[in-house]
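Working notes for the structure below.
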Amino acid sequence: MPSGVFKTSYAEDMAFIRWPIHRIALTLAAIFLLTYPFVFRNNIYMLYWANYIAIFLIATLGINILTGYAGQISLGHGAFMAVGAYASTITAIKLGLPFPLTVFIGAISSMLFGLIFGIPSLKLKGFYLAIATLAAQYLVDFLLVNPKLAWLTGGSSGLIVPEASLMGFEITKLSGSDFYFYFVTVPLAVFFFIFAANLTRSDVGRAWVAIRDNDIAAEIMGINVFKYKLLAFAIASFYAGIAGSLWAYYIGYLTPEHYTIALSIDFVAMILIGGLGRHWGSLVGTVFVLTLPEVLKRVIIPAISGFVPVTFTAESLRPIIFGAIIILFLIAEPHGIVELLRKVKEYLRLFPFPY
Amino acid sequence: MTLLRVNNVTLRFGGVKAVDGASFDMREGEVLAMIGPNGAGKTSLLNCISGFYRPQEGQIFFRDEEITRKKPYSIAMKGIARTFQNVELYRGMSTLDVIMSGRHIHYKCNPVFSGFYFLKGRKEEIKHRKRVEEIIDFLDLQQYRRKIVSTLPYGIQKRVELGRALALEPQLLLLDEPMGGLSFEEKEDMAVYILEINEDLGISVLLIEHDMSFVMDISDRIVVLERGRIIASGTPEEIKNNPAVVQAYVGEADARAEYGG
């Protein structure tokens, strides 16, 4: 807390921008996000990376609300994303609905699906709930590859996603579509980030944390525990549905392989590594988990390629390194990278004094 | 006027009768103490009132409205708040947030619209924050406002828990051993808070307590439980001189002996 800053109203005390440094940081972040696509205008790889992170950030924010704030573990987030993606693609193909509407339909479908799999949370906690949500994952995997439903889902060969057009402007068709898609994904990610932050700093967020930390006390203190658990499931799967739909439109085709159990585990890894119950943790975790394979492939593997067997590829090393990192974080810093950064900040603030 | 009427409540766990046909009335505005040896069923009866346990028989009326077997959160909404024997706070929250969470039942903002903070949520937050600050001032918790509750000393945690219950603006406050585990000074503070809550805020208090000297001092009436049955009720003077109570509860003639453990 910097000295010399005095707050004279509760509104100021509860605002996002509490210290002058917040204003500076926010301005820099805005400048960064605005200039990024223009700096990398012709660098498709960097634009792709930004879109990839923005889309997955939306889903991660959702699962962080569910797991980090409300304390309900979900191993079915990949399935929630798949439901959103398929719902929006199918409505776009069969009904020819416009892009924004299909994304919304995808999100709503995913939300309803999430609500159904949130019902077991009334009785189940912890590992047991995780297994119940795992059922969602396998159910969706099974339905998507089922040949009898191939007329709808395209089976294991998948679907071609129609072009996304917004106000008569065919975003994914143009050359440099990555550049234009940036202006869809990043503003949405920012919006959902702020929305999530607003939720968690108000009464809903406190109710969720109360349920996470002590559900019996929460219920006796007037919180309808089941309603708020379901609300967490609804919002988390709504976020996943948005992310799934955007991802489908962005890559242009849809197969069940995108939304396997591995994706669900990746989401859990993102919030664990980034920091449970912190929205910045979602951002840091998403960037970390999605960038790590690229760093492996482009930097580490070439550097060690002469000394190790050829079977050491990015794909084969990724799970090993992932597992190692998750174990490392669980032991050394269970609150994730964000907590680590906070400790560094705290240390530097007091430096050179020990306390 | 009768605020709370417990009528012939029986709670069984398998073959064990934790509460056995307990009946008592509580008047509006009084401090009623429930005493009894360990395992007498005091906390079980309190849990029945707050809806955490569902008694197999009997009814509980709050302002002539039956609340037996209602969900705990709907009982809280009717104006019954409580604290717990072993502090049950939300570990990860700050003191301020814990007390704010007690305001939950008074929020009128649709949960989803809290996401659009600047439209409506902020006004609502500020309104409740003002009430919470009054409670923080009342309980002298100013210096702990931003501290995470799990890092606070036990005595302060008890006070934070009392603050959370007060944030519900209850008409009836159930306190399960408010003095348990406190030092003598903290007990004196707690006694002052309880009397102030009763006299200044006009909240009726039903409390369970083992420390006889405090019970005798602060309560208007006392109900004595033994093995799930109510064996006596009356003013502290009457209870002190009731031979059945002395026999059953203290187990010897010396009524002033503090009941330990």
TODO: Output the number of residues of segment B:213-227 satisfying the condition of being touching an Asp or Glu at 6+ places or on another chain (Cβ under 9 Å) and under 17 Å from B:ASP176 (Cβ atoms).
DONE: 5
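Does B:ILE194 satisfy the criteria of being assigned by TED's automatic domain parsing to the domain that holds B:GLU28, assigned to a helix (DSSP H, G or I) and buried (at least 22 other Cβ atoms within 10 Å of the Cβ)?
Values: assigned by TED's automatic domain parsing to the domain that holds B:GLU28: yes; assigned to a helix (DSSP H, G or I): yes; buried (at least 22 other Cβ atoms within 10 Å of the Cβ): yes.
Answer is yes for this residue.
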- [ ] Output the qualifying pairs, or none if there are none: Cβ atoms under 8 angstrom, residues six or more apart or on different chains, first residue in segment B:166-184 and within 14 Å of another protein chain (Cβ to nearest Cβ), second residue aromatic (Phe, Trp, Tyr).
- [x] B:LEU166/B:PHE138; B:LEU172/B:PHE62; B:ASP176/B:PHE84
Open item on the list: Given the criteria at the interface with chain A (Cβ under 7 Å from one of its Cβ atoms), surrounded by 22 or more Cβ atoms within 10 Å (Cβ to Cβ), within 22 Å of A:ALA15 (Cα to Cα) and among the aromatic types (Phe, Trp, Tyr), does B:TYR117 qualify?
Closed with: yes
TODO: Inspect all residues belonging to segment A:293-304 and state whether any of them is touching a residue at least 60 places away in the same chain (Cβ under 8 Å), within 19 Å of A:LEU328 (Cα to Cα) and assigned to a helix (DSSP H, G or I).
DONE: no
TODO: Would you confirm whether any residue within segment A:268-283 is in contact with a helix residue (DSSP H, G or I) (Cβ under 7 Å, 6 or more places away or on another chain), within 13 Å of chain B (Cβ to nearest Cβ) and basic (Lys, Arg)?
DONE: yes
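Looking at B:LYS78, is it farther than 13 Å from A:ILE223 by Cα, more than 7 Å from every other protein chain (Cβ to nearest Cβ) and of a type in the set (Lys, Arg)?
Working: farther than 13 Å from A:ILE223 by Cα: no; more than 7 Å from every other protein chain (Cβ to nearest Cβ): yes; of a type in the set (Lys, Arg): yes.
Considered against the rule, which asks whether it is farther than 13 Å from A:ILE223 by Cα, more than 7 Å from every other protein chain (Cβ to nearest Cβ) and of a type in the set (Lys, Arg), B:LYS78 comes out as no.
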Open item on the list: So, in segment B:52-75, how many residues would count as being surrounded by fewer than 23 Cβ atoms within 10 Å (Cβ to Cβ), touching a helix residue (DSSP H, G or I) at 6+ places or on another chain (Cβ under 7 Å) and within 14 Å of another protein chain (Cβ to nearest Cβ)?
Closed with: 4
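Check A:GLY252, A:GLY222 and return the single one that is at positive phi and within 14 Å of another protein chain (Cβ to nearest Cβ).
On the way: A:GLY252 fails: within 14 Å of another protein chain (Cβ to nearest Cβ).
Testing whether each residue is at positive phi and within 14 Å of another protein chain (Cβ to nearest Cβ) leaves just A:GLY222.
Taking the condition under 28 Å from the mean Cα position of the chain (by Cα), more than 27 Å from A:THR67 (Cα to Cα) and assigned to a helix (DSSP H, G or I), does A:LEU330 pass?
Details: under 28 Å from the mean Cα position of the chain (by Cα): yes; more than 27 Å from A:THR67 (Cα to Cα): no; assigned to a helix (DSSP H, G or I): yes.
For A:LEU330, the condition - under 28 Å from the mean Cα position of the chain (by Cα), more than 27 Å from A:THR67 (Cα to Cα) and assigned to a helix (DSSP H, G or I) - is not met.
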TODO: Return the only residue of B:GLU134, B:GLU124 being within 27 Å of the chain's Cα centre (by Cα), farther than 22 Å from A:ARG212 by Cβ, more than 7 Å from chain A (Cβ to nearest Cβ) and surrounded by fewer than 21 Cβ atoms within 10 Å (Cβ to Cβ).
DONE: B:GLU134
Task: Leading residue by the ranking (surrounded by the fewest Cβ atoms within 10 Å (Cβ to Cβ)) among those in segment A:195-214 that are more than 8 Å from chain B (Cβ to nearest Cβ) and either touching a Gly at 6+ places or on another chain (Cβ under 8 Å) or among the aliphatic types (A, V, I, L, M) (or both) - done: A:ALA197
- [ ] Please verify whether segment A:148-163 includes one or more residues that are among the hydroxyl-bearing types (Ser, Thr, Tyr), part of a helix (DSSP H, G or I) and surrounded by 15 or more Cβ atoms within 10 Å (Cβ to Cβ).
- [x] yes
Open item on the list: Conditions first: (1) under 16 Å from A:PHE322 (Cα atoms); (2) under 11 Å from the mean Cα position of the chain (by Cα). A:SER282 passes all but one, so which condition is the exception?
Closed with: (1)
Open item on the list: It is to be established whether one or more residues within segment B:95-109 are buried (at least 24 other Cβ atoms within 10 Å of the Cβ) and at pLDDT below 90.
Closed with: no
- [ ] Output the residues belonging to segment B:197-216 that are of a type in the set (A, V, I, L, M) and touching a residue at least 60 places away in the same chain (Cβ under 8 Å).
- [x] B:VAL205, B:LEU206, B:LEU207, B:ILE208, B:MET212, B:VAL215
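Residues are listed down the side, and each one gets a yes or a no for (1) exposed (fewer than 15 other Cβ atoms within 10 Å of the Cβ); (2) touching a Cys at 6+ places or on another chain (Cβ under 9 Å); (3) within 14 Å of chain B (Cβ to nearest Cβ); (4) in a helix (DSSP H, G or I):
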| site | (1), (2), (3), (4) |
| --- | --- |
| A:GLU12 | yes, no, yes, yes |
| A:PHE32 | yes, no, no, yes |
| A:ARG41 | yes, no, no, no |
| A:ILE73 | no, no, no, no |
| A:ALA79 | no, no, no, yes |
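Listed here are the residues, each with its yes/no results for (1) touching a residue at least 40 places away in the same chain (Cβ under 8 Å); (2) within 18 Å of the chain's Cα centre (by Cα).
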{"residue": "B:LEU4", "(1), (2)": "yes, yes"}
{"residue": "B:GLY14", "(1), (2)": "no, no"}
{"residue": "B:LYS17", "(1), (2)": "yes, no"}
{"residue": "B:ASP25", "(1), (2)": "no, yes"}
{"residue": "B:GLU28", "(1), (2)": "yes, yes"}
{"residue": "B:PHE52", "(1), (2)": "no, yes"}
{"residue": "B:MET77", "(1), (2)": "no, yes"}
{"residue": "B:ILE80", "(1), (2)": "yes, yes"}
{"residue": "B:THR83", "(1), (2)": "yes, yes"}
Open item on the list: Looking only at segment A:296-322, how many residues end up being exposed (fewer than 12 other Cβ atoms within 10 Å of the Cβ) and under 21 Å from the mean Cα position of the chain (by Cα)?
Closed with: 1
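Sort through B:LEU206, B:LEU201, B:LEU174, B:LEU182 and tell me the only one that's out of contact with any Ser or Thr (no Cβ under 7 Å at 6 or more places or on another chain) and surrounded by 23 or more Cβ atoms within 10 Å (Cβ to Cβ).
On the way: B:LEU201 fails: surrounded by 23 or more Cβ atoms within 10 Å (Cβ to Cβ); B:LEU174 fails: out of contact with any Ser or Thr (no Cβ under 7 Å at 6 or more places or on another chain); B:LEU182 fails: surrounded by 23 or more Cβ atoms within 10 Å (Cβ to Cβ).
Criteria check complete, one pass: B:LEU206.
Out of segment B:48-102, which residues are among the basic types (Lys, Arg) and under 18 Å from B:ARG5 (Cβ atoms)? Show your work before the answer.
First, pick out the residues of segment B:48-102 that are among the basic types (Lys, Arg): B:54, B:63, B:69-71, B:78, B:82, B:91.
Scanning segment B:48-102 gives B:ARG54, B:ARG63, B:ARG69, B:LYS70, B:LYS78, B:ARG82.
Out of the residues in segment B:88-103 that are in contact (Cβ under 8 Å) with a residue 60 or more places away in the chain and at the interface with another protein chain (Cβ under 9 Å from one of its Cβ atoms), which is nearest to the chain's Cα centre (by Cα)?
From segment B:88-103, those in contact (Cβ under 8 Å) with a residue 60 or more places away in the chain are B:88-89, B:95, B:98-103; that's our starting set.
Still in the list and also at the interface with another protein chain (Cβ under 9 Å from one of its Cβ atoms): B:88-89, B:98, B:100-103.
On the way: B:GLU88: 12, B:LEU89: 14, B:VAL98: 17, B:MET100: 18, B:SER101: 17, B:GLY102: 14, B:ARG103: 17 Å.
So, considering only residues that are in contact (Cβ under 8 Å) with a residue 60 or more places away in the chain and at the interface with another protein chain (Cβ under 9 Å from one of its Cβ atoms), the one nearest to the chain's Cα centre (by Cα) is B:GLU88.
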Task: Residue satisfying all of: in segment A:94-124; closer than 26 Å to A:ARG212 by Cα and surrounded by fewer than 14 Cβ atoms within 10 Å (Cβ to Cβ); modelled with the highest pLDDT among these - done: A:ILE116
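Could you go through segment B:152-168 and let me know if any residue there is of a type in the set (Val, Ile, Thr), closer than 17 Å to B:LEU89 by Cβ and touching a Gly at 6+ places or on another chain (Cβ under 9 Å).
First, pick out the residues of segment B:152-168 that are of a type in the set (Val, Ile, Thr): B:156, B:160.
With the extra rule that they be closer than 17 Å to B:LEU89 by Cβ, the set shrinks to B:156, B:160.
Adding the requirement that they be touching a Gly at 6+ places or on another chain (Cβ under 9 Å) leaves none.
For segment B:152-168, residues of a type in the set (Val, Ile, Thr), closer than 17 Å to B:LEU89 by Cβ and touching a Gly at 6+ places or on another chain (Cβ under 9 Å): absent.
The values are calculated or read from the model by the stated rules, or taken from the named source; none is laboratory data. Every value quoted in this text rests on a predicted model; they were computed, and no experiment measured them. With ideal geometry, Cβ positions are generated from the backbone for all residues, glycine too; neighbour counts draw on all protein chains shown.
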